[in-house]
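Report on the following structure.
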Amino acid sequence: MAVKMSIFLFAIALHLNLSGQVKDCLEGDNLMAQQNYMLAAEKYVLCYKMDTMDKSPLAALANCYQHLGDYALAKRYFHQIENDSFYRTEAIAKLAVIYESQQNLPKAIKYYLALQKLYPQNPVYYRKLGNLYMQGREPKQAFESYQQANQLNPRDILTLQSLTEIYMTSDELDKSDSIANIGLAIDSTNIGLLLLKARIKYRLRDYSSTAHILNKLVTQTELNNYYNKLLGYSMMQIDSLDKAIHYLQKSLIDENDPEYALYYLALAHEKKKEYDRAEWFFQEAAKTGISENMAQYYSGLARVSSHQEDYKLVIDYYKKSLAYQKDPKVYFYMANAAEHYYKDKTKAIDYYNLYLNSKHNNQEFIKIAIERVKTLKAKEFMKRKSNS
């Protein structure tokens with residue numbers, strides 16, 4: 001009789017326990033549907049405590065914490081169910097997303113590789129792996145993954161965009177341009193691809209196309225400083241100087257590295273024969289300059305000074321330019337300036353000889369230099385003769 005009573009009481013307790021578990025799980029599901037993830041998580045914890053053999057509350061709990069952004073707890077519970085045959089696929093899919101968002105590249109790659117094996121016809125996982133390999137500086141694996149993604153889905157714009165960037169980075173600009181064209185044939189309004197196309201055309205020195213693309217985008221998006229600089233420089237190359245100045249000045253707003261924009265502005269004003277403004281921008285470029293282009297900034301200042309007929313400054317600026325780069329043409333220009341500045345023409349002769357000894361291959365400059373040396377030597381000889 002006592003045994004029967006014990007079994008009866010156990011059955012009642014089990015029934016009550018199961019009823020409580022079902023009640024907590026149902027309440028958790030209801031709260032989850034209302035996106036009240038904090039209270040839902042509390043119910044799933046109670047539900048799981050009543051039957052630790054049942055993994056469904058763990059899966060629900062992991063999803064709650066993922067929605068809440070508590071990836072530490074989400075990972076803990078997903079890891080507890082990733083080897084369960086029923087929940088394995090869901091767990092590795094969620095763990096892949098979590099590790100990807102945390103930029104834990106090895107683990108993100110591990111779980112996306114697992115998904116790729118489970119679903120070899122899903123191009124998204126190949127694209128995800130391509131992106132992760134690129135972040136991990138594994139361009140060969142990235143390229144192979146993107147190619148597989150592209151073969152499975154040739155209309156995936158994100159894959160086409162990534163392949164465009166890979167070809168551009170490796171200086172295969174024609175291939176890069178071709179892939180970009182395929183993408184734009186699918187979606188001609190894709191801003192990311194249009195920006196890439198502009199960069200490719202700029203690298204190909206097709207400044208007209210670069211300006212055309214970026215001009216269209218000005219009405220669709222706010223170009224950042226980099227693209228304003230590209231647009232400004234391209235406009236300058238096609239002699240649209242006022243527009244060039246406009247976009248180059250825009251590129252200076254909150255710019256941490258203004259060196260090149262200042263240089264291009266100086267060139268634009270120089271082309272417009274606005275020499276005072278050109279001089280100011282060349283000076284500013286030289287002040288901020290830390291690059292190998294310092295020689296160009298001082299050469300620009302020398303050219304401006306030449307237009308202003310300040311030949312002493314021309315020579316001084318060219319000397320500074322030579323300190324950064326031994327460009328043989330500079331000796332030729334210094335010789336011209338020395339002819340104007342020095343009464344004694346031996347200095348000009350010296351500079352012409354430095355140019356001739358540099359073995360520079362500009363035949364026109366060589367011819368002029370030889371003739372000028374002969375003429376100036378004759379003048380100096382006649383001057384000395386008359387003085388004696």
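Read-outs: derived from the displayed coordinates by stated rules, not from any lab. Just so it is clear, the model here is predicted, and its values are computed rather than measured. Don't worry about glycine lacking a Cβ; one is built from the backbone with ideal geometry, like all the others, and counts go over all protein chains shown.
Taking the square roots of five times each eigenvalue of the Cα gyration tensor of segment 299-382, the equivalent ellipsoid has semi-axes of 20, 16, 10 Å, listed largest first. Full extension of the segment from S56 to K359, taken as 0.36 nm per residue of separation minus the current Cα-Cα distance, would add 100.9 nm. Applying 1/(1 + (r/R0)^6) with R0 = 41 Å to the Cβ-Cβ distance of H67 and R205 gives a FRET efficiency near 0.25.
A straight line joining the Cα centroids of segment 201-216 and segment 283-338 runs 30 Å. Size of segment 110-258 from its Cα atoms: along the principal axes, largest to smallest, the extents are 58, 33, 27 Å.
Note on Kirkwood radius over Cα pairs in Å: of the candidates (i) 22.5; (ii) 27.6; (iii) 21.7, the value calculated from this structure sits at (ii). Among V97, V304, the order by Cβ neighbours within 10 angstrom, fewest to most, reads V97, V304. Modelled spin labels at T169 and H246, positioned 7 Å past Cα toward Cβ, are 3.5 nm from each other. What shape does segment 254-295 take by its C-alpha gyration tensor, where a ≥ b ≥ c are the square roots of the eigenvalues and a/c under 1.5 counts as rounded, a/b above b/c as prolate, and the rest as oblate? Prolate shape, in that a/c is at least 1.5 and a/b is the bigger ratio. Farthest towards the positive end of the charge dipole of segment 140-221, among the residues T159, A149, A180, is the Cα of A180, using unit charges on the Cβ of Lys, Arg, Asp and Glu. 3J(HN,Hα) along segment 314-325, derived from phi through the Karplus expression 6.51 cos²θ - 1.76 cosθ + 1.60 where θ = phi - 60°, amounts to 3, 5, 4, 5, 5, 4, 5, 4, 5, 5, 9, 8 Hz, with x in place of Gly and Pro. As a calculated quantity, the FRET efficiency between D350 and H307 at R0 = 30 Å, using C-beta atoms, amounts to about 0.80. Here the dipole of the chain is about 1620 debye; that uses its Cα centre as origin and unit charges on the Cβ of Lys and Arg (positive) and Asp and Glu (negative). When the alpha carbon gyration tensor of segment 217-309 is reduced to an equivalent ellipsoid, the three semi-axes, largest first, read 23, 15, 9 Å. Were the residues from V45 through D84 laid out at 0.36 nm apart, the gain over their Cα-Cα distance would be 12.2 nm. With springs connecting C-alpha atoms under 10 Å apart, model the chain as a Gaussian network and identify which of Q283, Q103, Q34 has the largest mean-square fluctuation. Highest fluctuation among the options: Q34. Shape class for segment 102-197: prolate, because the ratio a/c of the largest to smallest gyration tensor axis (alpha-carbon atoms, square roots of eigenvalues) is 1.5 or more and a/b beats b/c.
Past the 26 Å Cα-Cα mark, which pairs from K287/K359; K201/K273; K197/K250? Among K287/K359; K201/K273; K197/K250, the Cα-Cα distance tops 26 Å for K287/K359; K201/K273. Rounded to the nearest 20, the size of the Cβ-charge dipole of segment 165-302 about its Cα centre is 340 debye, with Lys and Arg at +1 and Asp and Glu at -1. In nm, to one decimal, how far is the modelled label at Q121 from the one at N36, with both set 7 Å along Cα→Cβ? So the two model labels end up 4.3 nm from each other.
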